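Q: Below: one structure in C-alpha cells.
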Amino acid sequence: MESRAGISKQDIREQIWDYMESQNLADFPRPVHHRIPNFKGSYLACQNIKDLEVFTRTQEVKVDPDKPLEGVRLLALQSKKTLLVPTPRLRTGLFNRITPPPGATKDMLRKCATSEGVKNYSVPVGLDSRVLVDLVVVGSVAVSEKGWRLGKGEGYADLEYAMMVSMGAVSQETPVVTIVHDCQVIDIPEALLEDHDLTVDYILTPTRVIATGCERPKPTGITWSKISCEMMRKIPVLRSLHYREKQRGKDVTLQDEHQRLLETCSQQTAPPSAVRRPWNPPQLEPSSVQGEDVPSNTVYVGNLPWDTRVSELKRALRERGTAPLRLTWQGPQHRAFLHYRDPASAQQAISCLQGLRLGTSTLRVALARQQRASDLAGDGAREPHPEHYTTI
C-alpha cells in the first residue's frame, strides 16, 4: 500500500483498517478499526522472531497484550524467558510478569499467552523492581521500512516505552520489534513523526523479516509537557514517576500547567480590561462542608503547617495529579476542603494524597464526611462559623 501526500496519521490508520476489512485480511476481533489489528497469518509472522538473534539471546522480553502478538508471548514462555506485559491501560502499574503455574502444559502456556493469561496468571512488578528489558515487542497499525511506526492513536506504547526509560528498564540500544501484515508496511512521511513517537528496529510479517536500520533516536524519557492532569489522574504509576523525576530536579511541568503559564504570560501583556481570572468557580455554600449533610465528593485535608499558603497546597495537588474542581481554604484552622466531580474522583484523590508532606508535616487526608463524624465524636476541633470559610 502507498500513502498519499499531505496525509495525516489518522488518515493512514483509517486507510489500513478499511483495506484489511475490505480484503478480508483481518482476523478476530473484528472490526479492526480503532485497534491494533489482528490479521490472518499473525502466528506465522510471530514465528519469524525465532530467527532474530536479539530474541534468542534475550532473557527478559516485554510484549504488548495485543491479539496479533499472542504467538510471541507463547514463544517467550516456551523458551522460559521472563515475559512482561503492560498492565491494562496502566491502571495499576507499568508491568505484570506472566507466571505460568509449575509444570504448565503446552495448552496452559497457550492460555497464559492470551488476554486471559494476563488477567489470571500474572503478578505486578513494582517501580523499585530491578527490571532490565532486553527486547520490546509492540503492535502497530502501520509501519514503514525506515522504522517509523503508528499505533492506534492513544499513545500507550509510546508512553510505556518512555516510562521504561524513566525507570531505567530500557536504553537506546534496546531493540524494538513490531509484527504486522504485509499490507501494513507502507511509506510514512517523516514529517508526521514527533519526538515522543517510538520507532522500531525490526518488522516481522508473514513473508518478511525487515531490519529497518533506523537511526532516529527513540524517546529519551517522558515528555511531561504532553502529559495532562487527566492522564495523571488515570495512571497512578505516572504520578509516582512524576514525583521521582521532580525530586531529581527535572522539568516536570505538565501540559495543563504549561498552557496556564502561556495564558498568564499573554494576560500580563494584555490591557487591564482583557485580563480574566483563570479560576473563578461559583461560591460554595458553607453548609456543604459544615453540618450533617457533607457531600461524598469532598475531601478533608488536615494538619497543614501554620505558615502554609494556599498556593503551596494547590501546587502539591497538581504535582500529584489531583487538582480539585475548587478548594475551600481554612488556613487558620490548619485545614482545607477539596471538592471533586464525583465520589470516585474524591476516593482517587485520597489514595494519591496519602503520605503527602508540606514542610515537616504529613497531611491528614480523608473524606470530609468521615472527618465530620470524627469531629462530632470529639476527636477534632469544632467547625468554625461559616463566615470563616474562603472558597478559592
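The values are calculated or read from the model by the stated rules, or taken from the named source; none is laboratory data. Since the structure is predicted, the reported quantities are computational estimates derived from the model, not experimental observations. Neighbour counts run over all protein chains shown; Cβ positions are idealised from the backbone, glycine included.
Q: Can you report the number of residues in region 335-344 which are modelled with pLDDT of 85 or more, of a type outside the set (Lys, Arg) and surrounded by fewer than 18 Cβ atoms within 10 Å (Cβ to Cβ)?
A: 2
Q: Then there is this: Please give the number of the condition Glu230 fails out of (1) without any contact (Cβ under 8 Å) to a residue 24 or more places away in the chain; (2) of a type outside the set (A, V, I, L, M, F, W, C); (3) assigned to a loop (DSSP other than H, G, I, E, B); (4) not assigned by TED's automatic domain parsing to the domain that holds Val54.
A: Status for Glu230: all satisfied but (3).
Q: In region 165-177, is there at least one residue being in a helix (DSSP H, G or I) and not hydroxyl-bearing (Ser, Thr, Tyr)?
A: yes
Q: Now for a separate question. Which of the helices (runs of 4 or more DSSP H) contained wholly in region 27-125 include at least 1 residues that are surrounded by 15 or more Cβ atoms within 10 Å (Cβ to Cβ) and either modelled with pLDDT of 90 or more or in contact with a Cys (Cβ under 7 Å, 6 or more places away or on another chain) (or both)?
A: 42-47, 53-56, 70-78, 106-112
Q: Quick check on region 145-152. Is at least one of its residues assigned to a strand (DSSP E or B) and basic (Lys, Arg)?
A: Scanning region 145-152 turns up at least one residue that is assigned to a strand (DSSP E or B) and basic (Lys, Arg).
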